[in-house]
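Notes follow the structure.
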Amino acid sequence: MKSNQEFSNPLPKIICIALIIIVGLLCISSAQGSIGELLNAGSTNAAPTLPVNIPTVRPTPTPSPTNGQSASGSLTTPAPTAPDTVLGQLVHNGAAEEIAHYTDSELEFIITRVTRENLVYYTVELALTSPYQLLTAFAGNRITNRDYTSKIAQSNDALLAINGDFCGYNSNGIIIRNGILYRDAASTRSLAIYDGSGNLSFMPEESADAQALLDAGAFHTFSFGPVLVENGQATSDEVIEEHFLSHRVREPRTAIGQLGPLHYLILVVDGRQDASQGMLFSELQETFVQYGVISAYNLDGGGSATLYYNGEVINSPCVEGERKVSDIIFFKAAQS
């Protein structure tokens with residue numbers, strides 16, 4: 001039997017309790033550190049935000065042509081040169097009305113409304129002095145957000161804007177915008193690459209490598225399509241039919257093409273209306289070819305097809321007002 005002195009001495013119990021508390025605190029601290037690490041690791045998967053200030057003109061990236069591959073060969077990025085381009089030479093097939101002719105020290109563009117029987121579309125012919133004047137923006141600076149083209153344009157001080165490829169609608173697609181990789185998940189669509197020299201090229205997205213594209217000087221990528229014109233020729237019906245069920249239906253369209261060095265043509269087609277039924281892809285291709293583009297790529301259309309200029313939407317979207325989209329392509333006036 002133990003003596004009363006052994007039971008009355010509390011010191012061993014106190015020491016034991018103290019050790020248990022210390023060990024418990026160490027375990028909690030370790031667990032908190034592990035949880036913190038997990039939370040921090042998970043945050044890398046959140047949608048990145050755009051830099052606050054994107055310079056109008058940035059140093060031209062040094063390309064590595066062998067790292068990227070277009071639909072017809074290597075992704076080449078020759079040094080950009082300011083084009084000696086005279087705008088207003090397009091010969092329109094239909095009654096053409098000039099809506100605006102804007103010029104400053106950095107860019108020039110002409111907006112024209114073309115009207116034919118049951119068809120209204122807009123051409124925007126642009127000449128830039130730097131490839132970095134063609135900019136993009138997400139709604140609220142996040143790829144998953146949505147807002148009206150006009151609202152995104154206004155929040156980015158855009159003078160001219162069109163809807164983009166609605167990349168936030170899809171969960172896949174390699175998305176590089178303003179030289180930043182936002183999503184690396186290849187789709188089965190055709191990828192459009194706008195490089196550091198302002199040239200537009202294409203490749204099957206399944207065979208694309210996002211880091212190689214960045215290394216090759218990609219400034220933007222667009223994951224929608226189809227490719228409408230390549231090397232001055234309309235792409236085949238098989239290319240169109242492989243990706244789109246609506247190839248036999250006239251729809252509102254938004255598409256962008258390249259006429260030459262830093263020289264572009266945007267088409268925005270009204271549709272699903274009495275005044276304008278829209279265009280088939282074949283008609284969109286034919287229009288681009290008639291205007292003499294080297295390459296052209298289809299962006300999101302339907303209710304998204306929107307043309308914004310100087311504070312207002314100037315085309316007639318087929319939805320009531322505008323459809324909310326995830327992203328835009330835009331141009332800013334030169335800073336005075």
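Got a number for residues in the range 304-318 being in a strand (DSSP E or B) and either open to solvent by 20 Å² or more (accessible area, probe 1.4 Å) or among the hydrophobic types (A, V, I, L, M, F, W, C) (or both)?
4
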Which one of Gly278, Gly321, Gly301 is among the small types (Gly, Ala, Ser) and either touching a helix residue (DSSP H, G or I) at 6+ places or on another chain (Cβ under 8 Å) or open to solvent by 40 Å² or more (accessible area, probe 1.4 Å) (or both)? Gly321
Members of the range 324-336 that are open to solvent by less than 10 Å² (accessible area, probe 1.4 Å) and out of contact with any Leu (no Cβ under 7 Å at 6 or more places or on another chain): Val325, Ser326, Asp327, Ile328
Counting only residues that are in contact with a helix residue (DSSP H, G or I) (Cβ under 6 Å, 6 or more places away or on another chain), in a strand (DSSP E or B) and among the small types (Gly, Ala, Ser), how many does the range 123-159 have? 1
Listed residues Arg116, Arg142; which is in contact (Cβ under 8 Å) with a residue 40 or more places away in the chain and open to solvent by 10 Å² or more (accessible area, probe 1.4 Å)? Arg142
Please name all residue pairs, on different chains or six or more residues apart, with Cβ atoms under 9 Å, provided the first residue is in the range 204-224 and is under 12 Å from Arg177 (Cβ atoms) and the second residue is basic (Lys, Arg) and modelled with pLDDT under 95. Phe219/Arg58; Ser223/Arg189
For a quick check of your reading of the model, give me the residue pairs whose first member lies in the range 274-290 and is under 13 Å from Arg116 (Cβ atoms), whose second is among the hydroxyl-bearing types (Ser, Thr, Tyr) and crowded, with 24+ Cβ neighbours inside 10 Å, with beta-carbon atoms closer than 8 Å and at least 6 apart or on different chains. Ser276/Tyr121; Met279/Tyr121; Met279/Thr287; Thr287/Tyr121
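The values are calculated or read from the model by the stated rules, or taken from the named source; none is laboratory data. Here the structure is a predicted model, which is why all the values come from computation and not from measurement. When we count neighbours, we look across all protein chains shown, and the Cβ atoms used for this are built from the backbone with ideal geometry, even at glycine. Accessible surface is based on the protein model in full, side chains and every heavy atom, while ligands, DNA and RNA are left aside. Shrake-Rupley method; radii C 1.70, N 1.55, O 1.52, S 1.80 Å.
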